[in-house]
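Below: the structure, in structure tokens.
Read-outs throughout are calculated quantities, based only on the coordinates presented, and are distinct from any laboratory measurement. Keep in mind that what you see is a predicted model, and the values were worked out from it rather than measured. Glycine also receives a Cβ, built like all others from the backbone with ideal geometry; neighbour counts cover every protein chain displayed.
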Amino acid sequence: MPSLVTSSPLPAMRLLKGGAVALLLSGATLATPQVLATEISIACGAGDSSDYCPALAEQWAEKTGNTVNIITTPNDPTEKLSLYQQLLGSQSSDVDVLLVDIVWPGLLDDHLVDLYEYLPADITEDFFPALVDNNTIDGRLVAMPWYTDAGLLYYRKDLLEKYGYEVPQTWQELTDTAEAIQAAEREAGNADFWGYTFQGRAYEGLTCNALEWVASHGGGTIVDGEGEVTIDNPQAAAALDLAASWIGTISPEGALNHTEEETRGIFQSGNALFLRNWPYVWALANSEGSEVAGKIGMASLPHGPKGESKATLGGWNVAVSRYSEHPALAADLAAYITAEPQQKAHAVKMGRNPTIESLYQDEQVLASNPSMRDLYETLVNGVPRPASVTGDAYARVSNAFFNRTHQVLSGDLDGASAVQQLSRELERLSRRGW
Ligand code: GLC
């Protein structure tokens with residue numbers, strides 16, 4: 001057993017629970033091996049090809065001499081959130097570090113440590129200020145920004161060229177082009193070919209898609225910056241009705257249950273003309289073995305008759321549970337995952353958009369994915385979901401929005417009734433205060 005060090009000779013040395021001592025260099029490699037290895041549990045993604053979290057956690061373990069226990073969690077953020085709410089609600093110490101969606105800081109902040117208590121005050125200096133603000137609740141930094149996301153349109157360059165169509169600027173053009181090329185491809189023998197694939201399951205991803213439809217029709221952002229419910233308007237209703245017309249025509253019935261990965265699968269196997277998804281698809285769809293490698297392009301999403309293109313802002317952050325028995329070490333792992341070299345590798349290998357501003361000037365990063373340079377504007381002008389303004393009511397707001405939208409897509413409700421009912425529901429929620 002190492003002797004118990006009670007007064008630390010180094011400012012960065014901390015006494016951990018149980019007497020273990022660790023050198024905390026906030027994301028940097030530890031120079032000296034630790035006195036005692038500690039196991040840190042981290043809730044990563046689904047552990048599939050789009051999940052870089054396990055690899056980074058293992059790297060940190062190797063560098064610091066600690067061990068990590070990787071917990072895989074569902075990719076569907078709505079399912080992931082309910083798992084977290086159970087764990088955190090029971091004050092479980094089973095998870096030390098967790099990946100947090102950009103819309104969750106206001107929902108989970110009571111369960112997360114203030115990272116400024118464990119990391120240097122300038123730890124967020126090089127990060128996009130808007131993301132740091134998003135993660136700072138009542139002056140507490142509850143998560144380190146890891147990567148940023150914005151909705152994009154992927155298209156088959158080869159097929160648009162073959163049939164003589166342009167990249168669509170409006171949703172109506174997308175609908176018409178999808179219809180025409182789908183019919184031609186089916187005629188040519190590809191019975192499984194679809195015009196458009198998007199995320200239509202009743203979950204957070206549908207909130208992202210539908211917010212883009214509504215906002216790009218000039219229909220607002222569900223709840224505005226002042227907390228006013230704005231969803232009951234004709235542009236929003238028209239946007240939802242147009243999306244409903246896609247089901248069973250240019251999009252498969254299965255879209256009603258699709259999340260990101262199912263839609264990537266359809267597109268990557270060559271069975272769709274257009275795909276709405278996040279920047280991560282670029283690297284995977286162009287990788288060896290992909291049916292569409294070298295045949296695809298990326299563009300801003302279309303807009304409605306009077307609106308302009310809008311991309312929902314997404315992204316993930318790394319947080320430490322308040323119930324962790326090793327918060328200092330857990331914060332060190334969070335800092336490691338989000339530190340510049342790791343963000344650079346994430347961008348170069350997987351096309352994930354960094355949250356550190358200067359990486360957008362890095363040649364290797366820029367070369368890794370067109371969204372880094374060409375779509376930088378889209379990324380910085382993305383439309384946020386109304387999470388900050390609705391705070392801990394956000395999950396209920398989003399659930400109400402995606403459930404009503406799902407009813408419209410399923411043909412159970414028309415756009416106008418949906419936005420009217422939703423508006424009443426949200427007004428009721430807002431009366432409890434947000
Ligand atoms: C992406 C985004 C995230 C969003 C999710 C929806 O992971 O980064 O913010 O909530 O997709 O499925």
For LYS295, list the aspartates and glutamates whose Cα falls under 16 Å from its own Cα; do not include residues on the same chain fewer than 8 positions away.
ASP158, GLU161, GLU166, GLU185
Calculated P(r) tail over 22 Å for region 152-299, as whole % of Cα pairs:
39 percent
To check you understand DSSP bridge types, tell me what percent of the beta bridges within the chain (both residues inside) are antiparallel, rounded to 5.
70 percent
Pairwise FRET efficiency - SER269 versus TYR116, Cβ, R0 = 56 Å, nearest 0.05:
0.75
With the dipole of region 152-299 defined by +1 on each Lys or Arg Cβ and -1 on each Asp or Glu Cβ, the option from ALA239, ASN257, PHE267 whose Cα lies farthest towards the positive pole is PHE267
Fewest-first sequence of VAL95, VAL318, VAL132, VAL380 by Cβ atoms within 10 Å of each Cβ:
VAL380, VAL132, VAL95, VAL318
Ranked from fewest to most other Cβ atoms within 10 Å of their own Cβ, TRP146, TRP316 fall in the order TRP316, TRP146
Compute the distance from the alpha-carbon center of region 186-238 to that of region 75-115, in whole Å.
27 Å
In Å, the Kirkwood hydrodynamic radius from C-alpha pairs for the chain sits at 22.7 Å
Mean separation of Cα contacts under 8 Å (at least 6 apart) over the residue count of the chain, i.e. the relative contact order in percent, is 24 percent
Mean residue ellipticity at 222 nm from the helices of the chain, using -39,500 (n - 2.57) per DSSP H segment of n ≥ 4 over the full residue count, to the nearest 500 deg cm²/dmol?
-11500 deg cm²/dmol
Per-residue Cβ contact counts at 10 Å, fewest first, order VAL383, VAL408, VAL397 as VAL383, VAL408, VAL397
Name the residue farthest towards the positive end of the dipole of the chain from the options ILE337, VAL320, VAL419, assuming +1 on Cβ of Lys and Arg, -1 on Cβ of Asp and Glu, about the Cα centre.
VAL320
Any idea what the dipole of the chain comes to, in debye rounded to 20, about its Cα centre with Lys/Arg Cβ at +1 and Asp/Glu Cβ at -1?
360 debye
